[in-house]
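FYI, it's all coordinate maths here, none of it is from the lab. Model, not experiment: these values are computed from the prediction. Cβ placement follows ideal geometry from the backbone for every residue including glycine, while neighbour counts extend to all protein chains displayed.
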Amino acid sequence: MKFPPSPGRPGSGPRPRRGRGRVLLLSTALVALGTGALAAAPSDLPSPKTGLNLLVVGVDGRKAVTAAEKKKFRLGSRECACTDVIMLVHVSAKNDRVSVVSLPRDSLTEFPEGHLDRRTHEEHEAHPAKINSAWAEGGPAFTIETVEAMTGVEVHRYLEIDFRRFMDTVDVFDKGVPICTKSALKDPVTGLDLKAGTKQVRGGEALQYVRSRRADGKMDFGRIQKQQLFVANLHRNLRDGLLRSPSALKAFASVLRGKGAAERGISVPELVSLAGRLKDLTPARTEFAVVPVAGFNPTIEGVGSTLAWDGEYADEVFAAMRADKALPKARPEPTSDVPRGLGDYKPVKGGSLLCR
């Protein structure tokens, strides 16, 4: 293992304080950093009585990606300034369970009247929007505010990961991270080309995998499934191989965290502290789900195709998070109008996502 140089629908529960003003993956490392016995580092990481909530987003930032990498991994050069990965991560108060709920990027929300667009410095009237455009309009703080308003879950810390940091984090491991598929996956957009079975992937190919949504006909739901499988296997990689030293962990956390400033942004010492709290966490004590989705909305001019959450069912999921409880079990009957059952709410344990 090597370490590169540090480089809208409101919930029904109590509404969190909406601070005004104002990453992939990797809920990955927030879930995954619970890896081994590590010395505690000084930090201000909170310890709420009902558990710690972290918002992890992946943005399509390419500024530190080389031209050769863009060509090889089909990353393109045009950024939409979108958060195409949005994971709400709950760490239980006892540090014995981690719940990850993915929020599809096309989820319909409504931005409130008077919010400031950081691109134009103008105030907007209330308007419908996709959740992944909150970052473009208002940055990390507005993204946090939007997620809090839609879920009723207070966000204590925020982690943002761009393409460069994702690839470098994966490349910490000499052999990469295992991914597995029952059938071949080929995506003409990202260039992903995988045979059935298990394969170790390095940074660029890992990025192709977690970005792919055209390889299996499952749209963004398939991409979310790939991201969750990747997180679970990275978690195991870290548990099995992370060097058990404070300096090694700090180097890893520094690569993941980067240097950008953000409201409620988690710090390197806080990531190290979180690792210490989760040192005994096993894949069986992690759970993954997608927020309950009712179906597609009619196309909205200026917004496009969007997803509607199942408001009542979603409230149950986020109420469990607020109460520091495990995610509700899946219902026996279909819960979504999205074809092929892709929008159905079906929590899975991290252990079931591990590649053999």
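What does the charge count near Ala330 come to, summing +1 for each Lys or Arg and -1 for each Asp or Glu among other residues with Cβ under 11 Å from its Cβ?
So the environment of Ala330 carries a net charge of +1.
Where does the chain land on Rg/Rh, using Cα atoms and the Kirkwood Rh?
That ratio equals 0.93.
Can you figure out the FRET efficiency of Val303 with Ser247, using R₀ = 51 Å and their beta-carbon distance, to the nearest 0.05?
It comes out at approximately 0.60.
If you place +1 on the Cβ of every Lys and Arg and -1 on the Cβ of every Asp and Glu, how big does the dipole about the Cα centre of segment 69-176 come out, in debye to the nearest 20?
Charge dipole of segment 69-176: 760 debye, to the nearest 20.
How do Asp174, Asp168 rank when sorted from fewest to most other Cβ atoms within 10 Å of their own Cβ?
Fewest-to-most ranking of Asp174, Asp168: Asp174, Asp168.
Ordered by residue, what ³J(HN,Hα) values in Hz, to whole numbers, does segment 139-155 give under the Karplus form 6.51 cos²θ - 1.76 cosθ + 1.60, where θ = phi - 60° and Gly and Pro are x?
x, x, 4, 6, 4, 4, 4, 5, 5, 4, 5, 7, 10, x, 9, 6, 9
Which one of Ala184, Val101, Leu159 is farthest out on the positive end of the charge dipole of the chain, using unit charges on Cβ (Lys, Arg +1; Asp, Glu -1) and the Cα centre as origin?
Ala184
Report, in deg cm²/dmol and to the nearest 500, the calculated mean residue ellipticity at 222 nm for the chain, where each DSSP H run with n ≥ 4 adds -39500 (n - 2.57) and the sum is divided by the residue count.
For the chain, the value works out to -9000 deg cm²/dmol.
Below 10 angstrom from the Cβ of Tyr209, what's the summed charge of the other residues (Lys, Arg +1; Asp, Glu -1)?
For residues surrounding Tyr209, the net value is +2.
Among the lysines, which fall within straight-line cross-link reach of Lys71, defined as a Cα-Cα distance under 23 Å, with same-chain neighbours fewer than 8 residues apart omitted?
Lys63, Lys175, Lys186, Lys195, Lys199, Lys226
If r is the Cβ-Cβ distance from Glu316 to Asp280 and R0 is 35 Å, what FRET efficiency results, to the nearest 0.05?
0.75
By how many nm would the segment from Ser47 to Ser352 grow when fully extended, if each residue of separation counts as 0.36 nm and the alpha-carbon distance is taken off?
106.9 nm
For a quick check: sort Glu110, Glu205 by the number of other beta carbons within 10 angstrom, fewest at the front.
Glu110, Glu205
Would you mind ranking His124, His90, His235 so that the residue whose beta carbon has the fewest other beta carbons within 10 Å leads the list?
His124, His90, His235
Take the alpha carbon gyration tensor of segment 302-343, find the square roots of its eigenvalues, order them as a ≥ b ≥ c, and report rounded if a/c is under 1.5; if not, report prolate when a/b exceeds b/c, else oblate.
The shape class here is oblate.
Given points 7 Å out from each Cα along the Cα-Cβ axis, report the Asp193 to Glu263 separation in nanometres with one decimal.
4.5
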